[in-house]
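Visitor: Please find one structure pasted underneath; my questions will follow.
The values are calculated or read from the model by the stated rules, or taken from the named source; none is laboratory data. Because the structure is predicted, anything quoted here is derived from the model rather than measured. When we count neighbours, we look across all protein chains shown, and the Cβ atoms used for this are built from the backbone with ideal geometry, even at glycine.
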2 protein chains.
Amino acid sequence: MKGIFVIADGLGGRPTDLNGNTCLEAAETPYLDALATRGALGLVDPIGPGIRPGSDTAHLSLLGYDPFKVYTGRGVFECLGMGMDVQAGDICFRANFASVESSAEGLRLLDRRAGRISEGQNELEDALRALSVPGAEIEFLASTQHRGALRIRGEGLSRFIGETDPHEVGTVLLASRPTQDVPGADKTADIVNQMTQQSFEILRDLPLNKKRVAAGQLPANVLLVRGAANCPVLPSIESVIGARGAVIAGGALYRGVAEACGMDYIPVQGATGGLDTNIKAKAAAILRTLEDYDYVFCHLKGTDNAGHDKNAADKKAFIERMDSELFKVLIERVDWGRTHLAFTGDHCTPIDYGDHTVDPVPVLFVGPNIPRDPGTTFGERVAGQGGLGRFSGRVLPMLLGYCNWAPKFGS
Amino acid sequence: MKGIFVIADGLGGRPTDLNGNTCLEAAETPYLDALATRGALGLVDPIGPGIRPGSDTAHLSLLGYDPFKVYTGRGVFECLGMGMDVQAGDICFRANFASVESSAEGLRLLDRRAGRISEGQNELEDALRALSVPGAEIEFLASTQHRGALRIRGEGLSRFIGETDPHEVGTVLLASRPTQDVPGADKTADIVNQMTQQSFEILRDLPLNKKRVAAGQLPANVLLVRGAANCPVLPSIESVIGARGAVIAGGALYRGVAEACGMDYIPVQGATGGLDTNIKAKAAAILRTLEDYDYVFCHLKGTDNAGHDKNAADKKAFIERMDSELFKVLIERVDWGRTHLAFTGDHCTPIDYGDHTVDPVPVLFVGPNIPRDPGTTFGERVAGQGGLGRFSGRVLPMLLGYCNWAPKFGS
């Protein structure tokens, strides 16, 4: 038995999306409807009822972990998702290029995203290889636009330190400070503060920044860090459940979470983590990967991006493109006699609100061991009538259980 | 108000059982259907969504305990279920008669079940009263066929030791070894190893075994142990909820779990823990016991046995016999104005898989305080549409709550 777990980020919506219908309900999805007709629906609270999920915590929960126990922060998944080596004791951060100017009070913030810089990040990344603080080994990798990931390795470090981003233009950068009175926090905050100052000294006079300023653009002349996190100690899904899995995802965060759970990363050409992602290539990669693995986890981000942009048309169109470019392919090409599929979102991102909400998310299971529901469409309201009822997280362990992979607890 | 809690072990199934229907859906059950018509249905995850239950852990959870907190192993319920006295500090095991031969490397396994010995176990049990290891008081009781339970009592023992069963014919018995570096584990493993050797010395020359060998049968000449467990510290259901209960069960494990929760054991003639159990006698015992207790918990095992044997006809027939020999009697004889019934399974044992699975189990509640569903049958799919929704464990506390027994948490 093989398992396919598809998450469309921020899939769920609200009746305010489109005149009483959610984007999912309004979308024309003949292939999802066909899957719903032969499967069963339900509602999943990604973490728990009344808990508003982040994407990282929701993914941990849906993959079978308790985020209240294992989650320390986003930084580590950003680093893992960039392919960085992360070990116990390392402290990881989400790191942004930003624009600052020197002032008597300190580095004054001009823009938190360095004018949403869109090229030349490799030059910045190369220059930042010179970062060197005593007692610390520092690695930074740029990802998309102003985004990047930073890892600090050293003896006796602590994640209990504050961020340097003041979040308000015109104010000076924050000095990182211990947030708890624990060993190593002073030392780590000090390393972060030295690193921040040094990043300014390294970046300010780079040719790229001189060109940007000459062209009337903001310079990318400092690194801001947040989301300090340890490497979580997650027993791999394979060690707990026995099944070997792989992840297909454009966004670094999702790759990072899945790799932290022990999945192998399958790179896919054109998987951008955006609305323009190559869904057909992902569908082909799912089929290919299933030949070598017990299950595949495929993440699509476009639904969430459209939700954050409050763009109902884009969200609906992305769902329709998933239908015709992913689910159509799966219906036609998967061996449904020996495959189970679960499809859901990691949270709702309704159009009107433009951010994650607490609402439960519709979930669909299809496969030979799933009792069929009477319903014939997939959407929020019909899922509330579904035969799977409502449950919290753990969609992947359920999916693998239907594939007969689950370990028995007790005897 | 009186409560009746019936568990049919492994009740749940899958659409693969019988051409798209589960055994429960396919069974002709006019009396269960009548109860469903006047009651409400739902789905219960015996332990939690996506967790594949053992019978012992599932029962603890359905009776209101958190098995992740209280479960240490199967052995203690086997001992309790044999009526043995178990105290804090005792280490309990599931123990099997097996067949071995002496070799230079140690005792070599010939058969893990002593040729499924079916008579003479009392003679073996009597002989094993001679077991004597310094620092330990050892008690063994034989149950059915090759099965038995063993209790070791002494100062400073630990359950963190490995089993002696090599599971593979032709290999030598394992020496029990500590599985964690904790006080007492070395000592306990040593006691188990001495006991194992001694059991061989006691049993090998017994007249029974000489007769077996002469008749071409395998001797029952050693004890294998597994499932090392402590006595769990369970507050009794009576102390927590106030209601006094009794258990009717053929299988030792279920009696053991219920007694550990503080229920009194009601022996019933013909309750075998198998497909041939006397269901009519159990029904009569429920009615009789209800006169003296606030609630009765009745366990039937046949559904699970048939599931493990992958025998759909037997499972369906056992459900139909429960219908006509148990539920018919309850419908006719119970005072439904002042009685609530809950009926479910402790897990699914689908025919195709032949073992416990993660799927949720249908549950039925009937009684004056239960809001009626529109449904008129009892089965997996209709339970997915049921008015009780989907929840995890704790069926007995819910049942007793409908009987107005539940303690208030807070004020």
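Visitor: Residues being under 16 Å from B:F343 (Cα atoms) and either more than 20 Å from the chain's Cα centre (by Cα) or among the charged types (D, E, K, R) (or both): count how many of those fall in region B:291-315. Please lay out each step first, then the result.
Guide: Just the residues of region B:291-315 that are under 16 Å from B:F343 (Cα atoms), to begin with: B:295-304.
Those left that are additionally either more than 20 Å from the chain's Cα centre (by Cα) or among the charged types (D, E, K, R) (or both): B:301, B:304.
Number of matching residues: 2.
Visitor: Examine region A:63-76 for a residue that is of a type in the set (G, A, S), surrounded by 14 or more Cβ atoms within 10 Å (Cβ to Cβ) and at pLDDT 95 or above, and state whether such a residue exists. Outline the logic, then answer.
Guide: Quick first cut of region A:63-76, residues of a type in the set (G, A, S) only: A:64, A:73, A:75.
Going one step further and asking which of them are surrounded by 14 or more Cβ atoms within 10 Å (Cβ to Cβ), we end up with A:64, A:73, A:75.
Remaining after also requiring at pLDDT 95 or above: A:64.
Checked region A:63-76: at least one residue is of a type in the set (G, A, S), surrounded by 14 or more Cβ atoms within 10 Å (Cβ to Cβ) and at pLDDT 95 or above.
Visitor: How many residues are facing chain B (nearest Cβ under 8 Å) and either out of contact with any strand residue (DSSP E or B) (no Cβ under 8 Å at 6 or more places or on another chain) or outside any helix (DSSP H, G or I) (or both) when one looks only at region A:396-407?
Guide: 4
Rundown of residues vs (1) among the aliphatic types (A, V, I, L, M); (2) away from chain A (no Cβ under 14 Å); (3) closer than 29 Å to A:G410 by Cα, yes/no style:
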{"site": "B:K315", "(1), (2), (3)": "no, yes, yes"}
{"site": "B:L330", "(1), (2), (3)": "yes, yes, no"}
{"site": "B:R333", "(1), (2), (3)": "no, yes, no"}
{"site": "B:A342", "(1), (2), (3)": "yes, yes, yes"}
{"site": "B:Y353", "(1), (2), (3)": "no, no, yes"}
{"site": "B:H356", "(1), (2), (3)": "no, no, yes"}
{"site": "B:F365", "(1), (2), (3)": "no, yes, yes"}
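Visitor: Which condition does B:K328 not pass, out of (1) closer than 17 Å to B:H347 by Cβ; (2) surrounded by fewer than 24 Cβ atoms within 10 Å (Cβ to Cβ), if it passes all the others?
Guide: Evaluating B:K328 over (1) closer than 17 Å to B:H347 by Cβ; (2) surrounded by fewer than 24 Cβ atoms within 10 Å (Cβ to Cβ) leaves (1) as the failure.
Visitor: Residue by residue through region B:240-257, note down the ones that are hydrophobic (A, V, I, L, M, F, W, C) and out of contact with any Phe, Trp or Tyr (no Cβ under 6 Å at 6 or more places or on another chain). Outline the logic, then answer.
Guide: Our first condition is that a residue be hydrophobic (A, V, I, L, M, F, W, C); within region B:240-257, this holds for B:240-241, B:243, B:246-249, B:252-253, B:257.
Residues satisfying the conditions are B:V240, B:I248, B:A249, B:A252.
Visitor: Taking the condition of being facing chain B (nearest Cβ under 8 Å), in contact (Cβ under 8 Å) with a residue 60 or more places away in the chain and on the phi < 0 side of the Ramachandran plot, how many residues in region A:367-395 meet it?
Guide: 12
Visitor: Among the listed residues A:V358, A:V329, which satisfies the condition of being touching a Lys or Arg at 6+ places or on another chain (Cβ under 9 Å), within 19 Å of A:K310 (Cα to Cα) and assigned by TED's automatic domain parsing to the domain that holds A:G12?
Guide: Values: A:V329 fails: within 19 Å of A:K310 (Cα to Cα).
Going through A:V358, A:V329 in turn, just one is touching a Lys or Arg at 6+ places or on another chain (Cβ under 9 Å), within 19 Å of A:K310 (Cα to Cα) and assigned by TED's automatic domain parsing to the domain that holds A:G12: A:V358.
Visitor: Are there any pairs with C-beta distances below 8 angstrom linking a residue in region B:55-72 that is within 11 Å of chain A (Cβ to nearest Cβ) to a residue that is hydroxyl-bearing (S, T, Y) and part of a helix (DSSP H, G or I), with the two at least 6 apart or on different chains, and if so which?
Guide: Pairs found: B:S55/B:Y254; B:H59/B:Y254; B:P67/B:T57; B:P67/B:S61; B:Y71/B:T57.
Visitor: Still on this model: Within region A:21-37, count every residue that is crowded, with 19+ Cβ neighbours inside 10 Å and more than 18 Å from A:I7 (Cα to Cα).
Guide: Let us first name the residues in region A:21-37 that are crowded, with 19+ Cβ neighbours inside 10 Å, namely A:21-27, A:29, A:31-32, A:35-36.
Adding the requirement that they be more than 18 Å from A:I7 (Cα to Cα) leaves A:21, A:26.
Count: 2.
Visitor: Sticking with this one: With the condition kept exactly as written, say whether any residue in region B:38-51 is away from chain A (no Cβ under 14 Å), buried (at least 24 other Cβ atoms within 10 Å of the Cβ) and touching a Leu at 6+ places or on another chain (Cβ under 6 Å).
Guide: Among the residues of region B:38-51, at least one is away from chain A (no Cβ under 14 Å), buried (at least 24 other Cβ atoms within 10 Å of the Cβ) and touching a Leu at 6+ places or on another chain (Cβ under 6 Å), which makes the answer yes.
Visitor: Which of the residues belonging to region B:148-157 are of a type outside the set (A, V, I, L, M) and either outside the structural domain of B:D111 (by TED's automatic domain parsing) or crowded, with 20+ Cβ neighbours inside 10 Å (or both)? Working first, answer last.
Guide: To start, the set of residues in region B:148-157 that are of a type outside the set (A, V, I, L, M) comprises B:148, B:151, B:153-156.
Scanning region B:148-157 gives B:G148, B:R151.
Visitor: Report the residue count in region B:338-389 for those that are crowded, with 24+ Cβ neighbours inside 10 Å, touching an Asp or Glu at 6+ places or on another chain (Cβ under 7 Å) and not small (G, A, S).
Guide: Counting residues in region B:338-389 that are crowded, with 24+ Cβ neighbours inside 10 Å, touching an Asp or Glu at 6+ places or on another chain (Cβ under 7 Å) and not small (G, A, S) gives 8.
Visitor: Just one of the numbered conditions (1) within 13 Å of the chain's Cα centre (by Cα); (2) among the small types (G, A, S); (3) farther than 20 Å from A:H356 by Cα is not true of A:S55; which one?
Guide: (3)
Visitor: Consider region B:363-391. How many of its residues are farther than 17 Å from B:A27 by Cα and touching a Ser or Thr at 6+ places or on another chain (Cβ under 7 Å)? Don't jump to the end; show me each part of the working.
Guide: At the first step, the residues of region B:363-391 found to be farther than 17 Å from B:A27 by Cα are B:365-374, B:384-391.
With the extra rule that they be touching a Ser or Thr at 6+ places or on another chain (Cβ under 7 Å), the set shrinks to B:367.
Result for region B:363-391: 1.
Visitor: For region B:77-109, how many residues meet the condition of being hydrophobic (A, V, I, L, M, F, W, C), surrounded by fewer than 24 Cβ atoms within 10 Å (Cβ to Cβ) and in contact with a Gly (Cβ under 8 Å, 6 or more places away or on another chain)?
Guide: 2
Visitor: Okay, next question. Looking at (1) at pLDDT below 95; (2) not in a helix (DSSP H, G or I), find the lone condition where A:G115 falls short.
Guide: Every condition holds for A:G115 apart from (2).
Visitor: From the list B:T144, B:T164, pick out the single residue that is touching a strand residue (DSSP E or B) at 6+ places or on another chain (Cβ under 6 Å), outside any strand (DSSP E or B) and β-branched (V, I, T).
Guide: Numbers: B:T144 fails: touching a strand residue (DSSP E or B) at 6+ places or on another chain (Cβ under 6 Å).
Only one candidate qualifies: B:T164.
Visitor: Give the residue, chosen from B:F318, B:F378, that is among the aromatic types (F, W, Y), closer than 15 Å to B:C23 by Cβ, under 21 Å from the mean Cα position of the chain (by Cα) and at pLDDT 95 or above. Please lay out each step first, then the result.
Guide: Values: B:F378 fails: under 21 Å from the mean Cα position of the chain (by Cα).
Exactly one of B:F318, B:F378 is among the aromatic types (F, W, Y), closer than 15 Å to B:C23 by Cβ, under 21 Å from the mean Cα position of the chain (by Cα) and at pLDDT 95 or above, namely B:F318.
Visitor: Quick one: which helices (runs of 4 or more DSSP H) sit completely within region A:7-111 and have at least 1 residues that are farther than 22 Å from A:E163 by Cβ and not polar (S, T, N, Q)? Walk me through it before giving the result.
Guide: Values: elements: A:23-26, A:30-38, A:55-62, A:67-70, A:75-81.
Here the list reads A:23-26, A:30-38, A:55-62, A:67-70.
Visitor: Check whether at least one residue in region A:211-222 is part of a loop (DSSP other than H, G, I, E, B), at pLDDT 95 or above, over 17 Å from A:D126 (Cα atoms) and in contact with a Gly (Cβ under 7 Å, 6 or more places away or on another chain), and report yes or no.
Guide: Yes, because at least one residue in region A:211-222 is part of a loop (DSSP other than H, G, I, E, B), at pLDDT 95 or above, over 17 Å from A:D126 (Cα atoms) and in contact with a Gly (Cβ under 7 Å, 6 or more places away or on another chain).
Visitor: Let me ask something else. Are any of the residues in region A:198-209 more than 20 Å from the chain's Cα centre (by Cα), modelled with pLDDT under 95 and either of a type in the set (S, T, N, Q) or at negative phi (or both)? I'd like the intermediate steps shown before the answer.
Guide: We begin by selecting, within region A:198-209, every residue more than 20 Å from the chain's Cα centre (by Cα); these are A:198-209.
Within this subset, residues satisfying the condition of being modelled with pLDDT under 95 are A:205.
Next cut, either of a type in the set (S, T, N, Q) or at negative phi (or both) only: A:205.
Scanning region A:198-209 turns up at least one residue that is more than 20 Å from the chain's Cα centre (by Cα), modelled with pLDDT under 95 and either of a type in the set (S, T, N, Q) or at negative phi (or both).
Visitor: Another question, if that's okay. A:K187 fails exactly one of the following numbered conditions: (1) assigned to a helix (DSSP H, G or I); (2) surrounded by 22 or more Cβ atoms within 10 Å (Cβ to Cβ). What is the number of that condition?
Guide: (2)
Visitor: Kindly indicate which of A:G262, A:G274, A:G256 is in a loop (DSSP other than H, G, I, E, B), within 28 Å of A:M1 (Cβ to Cβ) and touching a Gly at 6+ places or on another chain (Cβ under 8 Å).
Guide: Working: A:G274 fails: within 28 Å of A:M1 (Cβ to Cβ); A:G256 fails: in a loop (DSSP other than H, G, I, E, B).
Residue meeting the stated conditions: A:G262.
Visitor: Let me ask something additional. Filter region B:1-37 for residues that are of a type in the set (F, W, Y) and either in contact with a strand residue (DSSP E or B) (Cβ under 7 Å, 6 or more places away or on another chain) or facing chain A (nearest Cβ under 10 Å) (or both) and give the result. Break it down stepwise before answering.
Guide: Looking only at region B:1-37, we keep the residues that are of a type in the set (F, W, Y), and these are B:5, B:31.
Selection gives B:F5 alone.
Visitor: Also, I was wondering about something else. For A:A306, only one of the following conditions fails: (1) in contact with a strand residue (DSSP E or B) (Cβ under 7 Å, 6 or more places away or on another chain); (2) crowded, with 23+ Cβ neighbours inside 10 Å; (3) in a helix (DSSP H, G or I). What is its number?
Guide: Of the numbered conditions (1) in contact with a strand residue (DSSP E or B) (Cβ under 7 Å, 6 or more places away or on another chain); (2) crowded, with 23+ Cβ neighbours inside 10 Å; (3) in a helix (DSSP H, G or I), the odd one out for A:A306 is (1).
Visitor: Within the group A:I286, A:I266, which residue is buried (at least 21 other Cβ atoms within 10 Å of the Cβ), farther than 25 Å from A:T357 by Cβ and without any contact (Cβ under 8 Å) to a residue 40 or more places away in the chain? First the steps, then the outcome.
Guide: Working: A:I286 fails: without any contact (Cβ under 8 Å) to a residue 40 or more places away in the chain.
Sole residue among the options that is buried (at least 21 other Cβ atoms within 10 Å of the Cβ), farther than 25 Å from A:T357 by Cβ and without any contact (Cβ under 8 Å) to a residue 40 or more places away in the chain: A:I266.
Visitor: Going by the conditions given, is A:V192 farther than 14 Å from A:G106 by Cα and touching a residue at least 12 places away in the same chain (Cβ under 8 Å)?
Guide: Working: farther than 14 Å from A:G106 by Cα: yes; touching a residue at least 12 places away in the same chain (Cβ under 8 Å): yes.
For A:V192, the condition - farther than 14 Å from A:G106 by Cα and touching a residue at least 12 places away in the same chain (Cβ under 8 Å) - is met.
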